[in-house]
Structure formats: structure tokens, C-alpha cells
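Presented below is the structure to which this report refers.
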Amino acid sequence: MLYDDDMIGHVEEPFSTFGERWAYNDYEYPKVSVIIPTFDSASKVSYTIESVLSQRYPDFEILVVDAKSSDRTVEIVKGFRDEKIRLFIVSEANLPQMINHGITTASGFYINVLIPGYFYLHDRVLHTIMSFALDHSKPCLAYGGSIMREGREDPEVLFHPFSLSILHKGRIPTRLSSMWFRTDRLRIHGKFNRVYSQRIGFNFLCHIVQCPELKVAALPYVLSDDVFGGKSLRKPWRHFVETCKIIFRDFGWIAMWRWFFCYQDDLRIIIVRILRKIKLAFVGR
């Protein structure tokens, strides 16, 4: 349904239910580091941490990287009193830099990033994706589907192949919350670029997609969602500019213009929001 000829890696049949197939002993599962970058996230962070702590997985750690929150975020994190949680305080609320700090300090073989508010859909998520990774000889990237919510629109499942054609369209295969990167590959490929705020994951995937040694395994199973999903944090103009720059840098002029005329919808979103504000100003709700 979603697979392209130029897809990197391959997709196998998903597990029909969580917990149906565990072919490995506990000691064979790689350690997973879950990075949670926080800044004034008191209303969201507990949902995210609880979803990770509930995982029935033998070896994982939670790295909370906080940018000197002024609310109760740090207090809430410390309140869990769990040895799996490590808290780091950084000086700047730059999301890529916060994630990179977590990558630097991570001790896991795989790394996952959960933005506060995102959560795993089941207590077997880590078991499922790591079993899948072991089945595929520990790929550089293992990922599954995620729930995508944009404003008042109905939620959709986000799951695409990790392919050049998908990236040329300015799309990502899934959310960062449903991607598990090998830590050694993240460090080799230069981590996340601090210049981008809206297209962090897209920029990194465009950067690594043409690496000859890259191996990707995609599990068509929805793994994460956002408990606060109804409110879109997307800033369309910034989103548009960053996407334009990234596609031009990595794929050239032709790919950029094709995306501009055929696939981008940021300008449409900007126009709709402007018209909505004009309507509110003159005729009310």
C-alpha cells in the first residue's frame, strides 16, 4: 500500500498482536535510551514518562534533558524516584541541541526521542520494535507508524517507506517518537542540526538517506500517539522555509521546484489562517 521501488530496506508482515512472539532471551535485547527534551512541560511530561516506565522491557533508561524550566517540570520528573530516569539541565531551549545532549550521554544501543505529550501505545512497544530489530540484524534505523494529528482535522496513521521519493515530497516516514536509531550511527552521522526547529527529523533523514551502509527496517504497526494531539504546533512559514532549504541542499533545484509546485501545502495553510483571522475580525465567529 505504501511501498516504493526505491525503498531502503524492506517491510515484513507485522505482529498480529503485541506479545505474540518473543524469540529472544532478556539478555539478548539491546539497551534502549529514551530521550525526553523538556521546557515548561509540566502539563505533558508525566504522560510521556509513565508510558516509558510501564514498558515490559528488560533494559532501558530515560534521559530527561530540561532547558531550565520555570514551571514544575523538574519537580515532576524528580517525583518519579526511579533509577531508570536520569535528569540533565542545559542552558538553552534549543530542541536539536537538547536531543544531541541526550545522544552524547546515552548508554543504550538504540535511541528513541519522545517529545513531552507523546506516548507509547502499549506496554510491549519496546519489546516489539527491538524484537523486529533483532530479526533484521540490528539495522541503523527501525521504525513503526505513529498517529498524526493536525489541528481540528481527523487523526491519521503516519507510515511511509523510508525512500527518496517520500523525502522529495517533503514527507517523513513517521514521527521521531516511532523511530529507533542505533546510537553509534547517530554519532557518526553528526546528530541533529540545531539550525532547524520545525523539520528536525526530516533534515536528519535527508542527510543520511544516501549513505551506502545505511540499513533500515520498517514495521507497519502503530507505536506512538500524542495525548495532546488536537493542537497543532506547526508553524507553516517556518516549516515551509526549512523544507525548501533542506530539499535544495540535499536533492537540488529540480527536486525543490517539484516539491514547491506539486507537494507542499504550507502556503495553503498560511492563506487559510489569514482568511480565518480576517473573517473573525469582520464577522466574528
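Just so you know, all these numbers are worked out from the coordinates, no wet-lab data involved. Note that the coordinates shown come from a computational prediction; the quantities given were computed from them, not determined experimentally. Cβ coordinates were reconstructed from backbone atoms using ideal geometry, including for glycine residues, and neighbour counts include every protein chain displayed.
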> When we measure straight from the Cα of LYS44, which lysines land under 26 angstrom away, once same-chain ones fewer than 8 places off are left out?
Replying inline: LYS31, LYS68, LYS78, LYS84, LYS191, LYS231, LYS235
> Using θ = phi - 60° and the Karplus curve 6.51 cos²θ - 1.76 cosθ + 1.60, what whole-Hz ³J(HN,Hα) does each residue of the stretch 188-198 get, with Gly and Pro shown as x?
Replying inline: 5, 7, x, 6, 9, 7, 6, 5, 9, 10, 9
>> I need TYR29, TYR24 ordered by Cβ neighbour count within 10 Å, fewest first.
In response: TYR24, TYR29
>> Counting only other residues whose beta carbon sits under 10 Å from that of ILE188, what net charge do I get with K and R as +1, D and E as -1?
In response: +2
> So which helices of the chain fit the span-like rule, where a helix is a whole DSSP H run, its Cα atoms reach 20 Å or more along the axis, and its mean Kyte-Doolittle is at least 1.0?
Replying inline: 266-283
> What relative contact order, as a whole-number percentage, does the chain give when Cα pairs under 8 Å and 6 or more residues apart are counted?
Replying inline: 22 percent
> Fewest first, what order do TRP253, TRP237 take by the number of other Cβ atoms within 10 Å?
Replying inline: TRP253, TRP237
> Using modelled backbone amide H atoms (1.01 Å from N, in-plane), which distant-in-sequence or interchain residues come within less than 5 Å of VAL90's amide H?
Replying inline: ASP66, ALA67, LYS68
> In what order do VAL272, VAL125, VAL74 fall by count of nearby beta-carbon atoms within 10 Å, going from fewest to most?
Replying inline: VAL272, VAL74, VAL125
